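Below is one structure; the comments refer to it alone.
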Amino acid sequence: MVTLVLLPGMDGTGELFSKFIETLAPGTESIVVRYPTTGALGYAELERIARSKLPTDRPFVILAESFSGPIGILLAPSVRIVAASGRRHSDRVRVDRVDAQRVRIRGQHRC
């Protein structure tokens with residue numbers, strides 16, 4: 001199964017993902033990256049923190065919320081995309097904008 005790596009919004013805590021994580025299919029692994037809440041850090045420092053949390057032994061998907069969008073984009077080019085079989089899948093990375101007002105969760109449509 002693919003691990004979901006969640007990069008937080010401006011608060012840096014990832015706490016806003018708690019309800020979202022509850023709706024994930026049973027058995028779905030998630031990693032919530034948390035940024036330090038004290039001191040000022042730039043995108044380069046935050047990228048290093050996020051990169052250190054990426055799994056190295058299994059496939060994963062990065063979901064970056066708002067403020068972390070640029071960090072997700074910085075990580076994308078250097079991430080090796082591997083199919084579940086372990087073979088190299090593609091060098092292409094798909095970047096989508098998710099409209100938070102229209103999210104499907106377990107067949108329920110939120111407006």
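Things worth noting here:
- P(r) for region 2-65, from all Cα pairs and a bin width of 5 Å, is 4, 17, 29, 24, 16, 8, 3, 0 %, short bins first.
- Distance (nanometres) between label positions extended 7 Å along Cα→Cβ at residue 56 and residue 29: 1.5 nm
- Under a 5 Å amide H cut-off, with hydrogens placed 1.01 Å from N, residue 32 pairs with 6 among residues at least 5 apart or on other chains.
- Charge tally around residue 14: other residues with Cβ under 11 Å, Lys/Arg +1 each, Asp/Glu -1 each, net -1.
Read-outs: derived from the displayed coordinates by stated rules, not from any lab. Owing to the predicted nature of the structure, the values given are computational and were not obtained by experimental measurement. Because the Cβ atoms are built from the backbone with ideal geometry, glycine has one as well, and the counts that use them run over all protein chains shown.
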